[in-house]
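K.L.:
Got a structure for you, written out below as structure tokens; questions coming shortly.
The values are calculated or read from the model by the stated rules, or taken from the named source; none is laboratory data. Not measured: the values here are computed from a predicted model. As a convention, Cβ positions derive from the backbone with ideal geometry for all residues, glycine included, and neighbour counts pool all protein chains shown. Quick note on the areas: whole protein, heavy atoms, side chains included, nothing else; ligands and nucleic acids left out. Shrake-Rupley method; radii C 1.70, N 1.55, O 1.52, S 1.80 Å.
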Amino acid sequence: MKKPVTILMTWDVDPFPDVNIENKKDALKQTRQLLGDRRIRSTFFFPARVAQMLGPEVRDLVQEGHEIGCHGLTHGDEENYDLMPEDTQRKYLWESTEILRCSTGQDLSSFRGPRMKTSHTTQRILVELGYTADCSVASQRIDFVSSNLVNVHWIFAPRRPYQPSHRSAFRRGDQDIWVVPLSAAVVPFISTALYLLRLRLMKVLFRALYVEARRTGKPIVYLIHPFEFAPSTLRYRPEGMSLLNEIRTHGFLFRERFYEKDHRVRFKMNQDLIEYMQSFPGVQFKTIRDYVREQLGSRPDLPLSRGRAG
């Protein structure tokens, strides 16, 4: 019997400093409407400082049944969890977790590092703080321009969710946390790939991931940024940062010049892709929290997400 296919829609609520606060609120409102119309629950990864600025919007997401995950403290250039010293990581993760708990009224269970950075040290601290999922790995993703450039660890990381080693975030082991990898087949299943490759090729990628998921039970994980639905989201070199440090932290930012620039078109492209995904038999959309609890069997004390979205 073919397995049902779980789709995990994940939203990274990055700061996007070139988008003003009102446009950010409007973009989140559009996102909530899009998900509500399709009756989809998903996971929003907030940097804690961004969540503080958008308190009512965060509470609306929680009320509608979406999960709020941790996306670090500030998403600043210094917040690279593959390089930060352990004491700095612990300070950032403790503070961001406390802020998000206050913002949501809930315990946190899912983490994604800014710019998809993580380490075995990060995961050990996440376990101490009660997290059950790290979503900062993109197994078999290969690219040459993003913030991770050629991440050799990703190439050999398991494709299905796994418990990581105490020595490596990218190998199986017995740490008490699940790595839920972002979907990729060389090309990552993310919105920026959609804006570059366009809808037809992203449908081809989804079909390949769907066939794999039906065979293996592996979830399909999609990554998108809600502020892509607001105008003026192209980034430029951070002021005062050398070219070498820019590439190490952000990758080659010139790549964004090739993306779809009209925020209304970006919204419509994602709407069409979501509708296409929902047209396949056996698909079910879940939060990371509920997927880990229901299908990986971790932390049975965690309650399911509740709200109006279904």
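K.L.:
Among the numbered conditions (1) within 22 Å of residue 81 (Cα to Cα); (2) touching a residue at least 24 places away in the same chain (Cβ under 8 Å); (3) open to solvent by 10 Å² or more (accessible area, probe 1.4 Å), tell me where residue 221 comes up short.
P.N.:
Residue 221 satisfies all of (1) within 22 Å of residue 81 (Cα to Cα); (2) touching a residue at least 24 places away in the same chain (Cβ under 8 Å); (3) open to solvent by 10 Å² or more (accessible area, probe 1.4 Å) except (3).
One line per residue, one yes/no per condition, for (1) hydroxyl-bearing (Ser, Thr, Tyr); (2) buried (at least 16 other Cβ atoms within 10 Å of the Cβ); (3) outside any helix (DSSP H, G or I):
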position: 40; (1), (2), (3): no, yes, yes
position: 44; (1), (2), (3): no, yes, yes
position: 49; (1), (2), (3): no, yes, no
position: 52; (1), (2), (3): no, no, no
position: 58; (1), (2), (3): no, yes, no
position: 69; (1), (2), (3): no, yes, yes
position: 76; (1), (2), (3): no, no, yes
position: 82; (1), (2), (3): no, yes, yes
position: 89; (1), (2), (3): no, yes, no
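K.L.:
I've got another one for you. Being in a loop (DSSP other than H, G, I, E, B) and in contact with an Asp or Glu (Cβ under 7 Å, 6 or more places away or on another chain) is the filter here, so list the residues in segment 99-124 that pass it.
P.N.:
112, 117, 118, 119
K.L.:
Still on this model: Going residue by residue through segment 106-119, is there one that turns out to be in contact with a strand residue (DSSP E or B) (Cβ under 8 Å, 6 or more places away or on another chain), surrounded by fewer than 23 Cβ atoms within 10 Å (Cβ to Cβ) and at pLDDT below 95?
P.N.:
Yes, segment 106-119 contains a residue that is in contact with a strand residue (DSSP E or B) (Cβ under 8 Å, 6 or more places away or on another chain), surrounded by fewer than 23 Cβ atoms within 10 Å (Cβ to Cβ) and at pLDDT below 95.
K.L.:
Suppose we keep only residues that are small (Gly, Ala, Ser), touching a helix residue (DSSP H, G or I) at 6+ places or on another chain (Cβ under 8 Å) and modelled with pLDDT of 95 or more within segment 141-176. Which one would you say is surrounded by the most Cβ atoms within 10 Å (Cβ to Cβ)?
P.N.:
169
K.L.:
Among the residues that make up segment 231-249, is at least one of them at pLDDT below 95, open to solvent by less than 20 Å² (accessible area, probe 1.4 Å), farther than 21 Å from residue 289 by Cα and more than 21 Å from the chain's Cα centre (by Cα)?
P.N.:
The answer is yes, given that some residue of segment 231-249 is at pLDDT below 95, open to solvent by less than 20 Å² (accessible area, probe 1.4 Å), farther than 21 Å from residue 289 by Cα and more than 21 Å from the chain's Cα centre (by Cα).
K.L.:
Something else now. Would it be correct to say that residue 188 is open to solvent by less than 50 Å² (accessible area, probe 1.4 Å) and out of contact with any helix residue (DSSP H, G or I) (no Cβ under 7 Å at 6 or more places or on another chain)?
P.N.:
yes
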